[in-house]
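Colleague: Sharing a structure here in structure tokens format.
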Amino acid sequence: GAGVSQTPSNKVTEKGKYVELRCDPISGHTALYWYRQSLGQGPEFLIYFQGTGAADDSGLPNDRFFAVRPEGSVSTLKIQRTERGDSAVYLCASSFGGGLRDTQYFGPGTRLTVL
Amino acid sequence: AQSVTQPDIHITVSEGASLELRCNYSYGATPYLFWYVQSPGQGLQLLLKYFSGDTLVQGIKGFEAEFKRSQSSFNLRKPSVHWSDAAEYFCAVETGRDDKIIFGKGTRLHILP
């Protein structure tokens with residue numbers, strides 16, 4: 001079956017612009033996670049959705065970052081007024097029910113470059 | 001706060017040799033522990049996980065890991081590596097109080113033919 005997909009695979013933007021990154025989770029998975037992976041680092045938690053609601057958004061670095069999941073499936077990570085420090089690979093993962101006993105399946109990521 | 005340390009940034013081994021990747025965590029109680037692998041152009045894949053019980057955990061692709069409470073370690077091992085094992089490996093921890101996984105900085109594995 002299809003895994004987690006993310007679009008675009010690469011995004012280059014200019015400082016100050018707005019970007020949207022999309023995640024399509026595995027069908028039937030209620031939990032969805034966003035992570036950010038900077039060069040030479042491990043993934044860093046951003047936000048966790050259970051269904052349509054954000055169960056934990058404590059990892060969002062500031063109010064320029066926002067994520068939605070309006071129908072409990074596809075999620076969009078939105079970044080306003082991008083800064084060069086936002087350059088990273090943004091990873092999405094989904095799991096069947098949430099909770100650490102459910103395996104998180106990761107997408108290939110979106111590489112964001114802010115010039 | 002909990003943390004994960006992977007002391008080796010790069011490891012190089014010959015094909016067919018044994019492998020051990022080190023991981024140490026910092027947390028007062030027994031955490032949930034994970035090893036993930038990330039190959040170029042592919043997403044993170046879970047190799048194995050430890051929640052409780054038997055401290056030697058078997059995973060996919062011939063990997064295993066051993067939880068040692070006294071050393072706060074969860075080292076990953078494989079008896080004989082293959083060229084396809086070249087990738088970046090991440091150790092991760094979750095304390096059980098929330099659903100956030102904290103990842104180490106990773107160890108990049110290089111395989112010599």
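Colleague: How high is the relative contact order of segment B:18-104? Use alpha-carbon pairs under 8 Å, at least six apart in sequence, and give a whole percent. Each step should come with its number before you reach the end.
Modeller: Working: 167 pairs, mean separation 31.9, N = 87.
Once normalised by length, the contact order is 37 percent.
Colleague: Under the definition of partner shielding as Cβ atoms of other protein chains within 10 Å of a residue Cβ, what is the mean value for peptide B:36-43? Please list the in-between numbers first.
Modeller: Working: counts 4, 0, 8, 0, 0, 3, 5, 12.
Per residue, the number of nearby Cβ atoms from other chains is 4 on average.
Colleague: To continue, here is another question. How many Å² of accessible surface get buried when A and B come together, counting both sides, probe radius 1.4 Å, rounded to the nearest 100?
Modeller: Roughly 1700 Å².
Colleague: Comparing A:GLY72, A:GLY16, A:GLY40, which has the greatest mean-square fluctuation in the GNM of chain A with Cα pairs linked when under 10 Å apart?
Modeller: The residue that fluctuates most here is A:GLY40.
Colleague: Another question, then. In debye, nearest 20, what is the charge dipole magnitude of segment A:24-115 about its Cα centre with +1 on Lys and Arg Cβ and -1 on Asp and Glu Cβ, if you could check? Intermediate results must be reported in sequence, preceding the final value.
Modeller: Details: 8 positive and 9 negative charges, 42 e Å.
Dipole size: approximately 200 debye.
Colleague: Considering only protein heavy atoms, what per residue accessible area in square angstrom results for segment B:1-99 with a 1.4 angstrom probe? Don't jump to the answer; show the numbers that get you there.
Modeller: Details: 4700 Å² over 99 residues.
Dividing the accessible area of segment B:1-99 by its residue count gives 47 Å².
Colleague: Considering only DSSP states other than H, G, I, E and B, which trypsin sites (Lys or Arg not before Pro) in segment A:1-46 qualify as loop sites with at most 16 other Cβ atoms within 10 Å?
Modeller: Numbers: sites: A:LYS11, A:LYS15, A:LYS17, A:ARG22, A:ARG36; in loops: A:LYS15, A:LYS17.
Taking segment A:1-46 and a limit of 16 other Cβ atoms within 10 Å, the loop trypsin sites (Lys or Arg not before Pro) found are A:LYS15, A:LYS17.
Colleague: When we measure straight from the Cα of B:LYS105, which aspartates and glutamates land under 13 angstrom away, once same-chain ones fewer than 8 places off are left out?
Modeller: A:GLU44, B:ASP8, B:GLU88
Colleague: Please list, by residue number, every one of the GluC sites (Glu not before Pro) in segment A:1-56 that is coil in DSSP and has at most 10 other beta-carbon atoms within 10 Å.
Modeller: On the way: sites: A:GLU14, A:GLU20, A:GLU44; in loops: A:GLU14.
Those that pass, being in a loop and sparsely packed, are A:GLU14.
Colleague: Only loop residues by DSSP count here, and only those with at most 16 other Cβ atoms within 10 Å; note down the chymotrypsin sites (Phe, Trp or Tyr not before Pro) in segment A:1-108 that meet that. Don't jump to the answer; show the numbers that get you there.
Modeller: Working: sites: A:TYR18, A:TYR33, A:TRP34, A:TYR35, A:PHE45, A:TYR48, A:PHE49, A:PHE65, A:PHE66, A:TYR90, A:PHE96, A:TYR105, A:PHE106; in loops: A:TYR18, A:PHE96.
In loop regions of segment A:1-108 (DSSP not H, G, I, E or B), the sparsely surrounded chymotrypsin sites (Phe, Trp or Tyr not before Pro) are A:TYR18, A:PHE96.
Colleague: Counting only C-alpha contacts under 8 Å and six or more residues apart, can you give the relative contact order of segment A:15-94 as a whole percent?
Modeller: Numbers: 168 pairs, mean separation 33.7, N = 80.
This gives 42 percent for segment A:15-94.
The values are calculated or read from the model by the stated rules, or taken from the named source; none is laboratory data. None of the values given here were measured: they were computed from a predicted structure. Counting neighbours? That spans all protein chains shown, and the Cβs are built from the backbone with ideal geometry, glycine included. Surface accessibility is based on the protein's heavy atoms, side chains included, excluding ligands, DNA and RNA. Shrake-Rupley method; radii C 1.70, N 1.55, O 1.52, S 1.80 Å.
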